[in-house]
Amino acid sequence: MITCIAIDDEPLALEILKKYIAKIYFLDLKGTFTDPFEAKKLLDETPVDILFLDIQMPDINGIEFSKTINKKNTAVVFTTAYSEYAVDGFNVDAIDYLLKPIEYDRFLKAVYKAKEYIDYLGSQELQDGYIFVKSDYQMVKVNLKDIIYIEGLDDYIKIYLPQKSILTLMTLKTISAKLPSKEFIRVHRSYIVPVTKIENISKSKIKIADKEIPIGVSYSESFFATMDKKMN
């Protein structure tokens, strides 16, 4: 999951962002704030992946606020009603700039732009290509290239490999945070699949190694958007 927060002094603007964020399955909203100083407390304790930040706020300018956070680990997406701030926004290494009123399609484009940056950072951290999971009272090494698919079973997950499967006490949400999101995608509330293992795709399911995996309704839009980007 990709974590995010939104800061805007207008509650209505925050409600729109909350609605948009809720439509994107891989976004995990950690909070919305009308007070940037309250948001800063959270960011100091628990950094997030994406910050949606209004520029025009009464107590502090959003551009100045962005200078107080570590933008190497947090992708900043500015939101404002004033287009003249665009240049200033990009001068402080913002990922994107959304002009109000924000359309959902434009918001989605900004989110995927931020996701590409986050995926890049993740790929740098996962160059070794493996993770460890706990199974049968021991830590087991799992090579990412060997994963065929992952199935969620309540509080457990089953990782399917060529010659065996591994059962571990973990949720799909937790394992998703460990995997490079550029290579693995959640297609259903019960399944995560490696993109390279997909053999064919229909409207409602995909096939991997003779296994038909359903595409969940709430995951469909993001899944097909990701696949469209890989084909273009």
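The values are calculated or read from the model by the stated rules, or taken from the named source; none is laboratory data. If you're wondering where the values come from, they're calculated on a predicted model, not measured in any experiment. Note: ideal-geometry Cβ built from the backbone for every residue, glycine included; neighbour counts use all protein chains shown.
Tally time: how many residues in the stretch 206-226 are in a strand (DSSP E or B) and surrounded by 14 or more Cβ atoms within 10 Å (Cβ to Cβ)? Outline the logic, then answer.
Going residue by residue through the stretch 206-226, those that are in a strand (DSSP E or B) are 206-208, 211-214.
Imposing the further condition that a residue be surrounded by 14 or more Cβ atoms within 10 Å (Cβ to Cβ) reduces the set to 206-208, 211, 213-214.
So the count comes out to 6.
Being in the same structural domain as Leu51 (by TED's automatic domain parsing), modelled with pLDDT of 90 or more, within 22 Å of the chain's Cα centre (by Cα) and not basic (Lys, Arg) narrows it down to one residue among Asp105, Asp96; which is it?
Working: Asp96 fails: modelled with pLDDT of 90 or more.
It is Asp105.
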Exercise. List, please: which pairs have Cβ atoms under 9 Å, are six or more places apart or on different chains, and start with a residue in the stretch 199-210 that is free of Cβ contacts under 8 Å to residues at least 12 places away in the same chain and under 19 Å from Ile159 (Cβ atoms) and end with one that is surrounded by 11 or more Cβ atoms within 10 Å (Cβ to Cβ) and hydroxyl-bearing (Ser, Thr, Tyr)?
Worked result: none
Seminar exercise, completed: Scanning the stretch 109-139 for residues that are modelled with pLDDT under 70 and small (Gly, Ala, Ser) gives Gly122, Ser123
Exercise. What pairs can you find where one residue is in the stretch 44-70 and over 20 Å from Ala114 (Cα atoms), the other is modelled with pLDDT of 85 or more and hydroxyl-bearing (Ser, Thr, Tyr), and their Cβ atoms are less than 6 Å apart, with a gap of 6+ or different chains?
Worked result: Gln56/Thr80
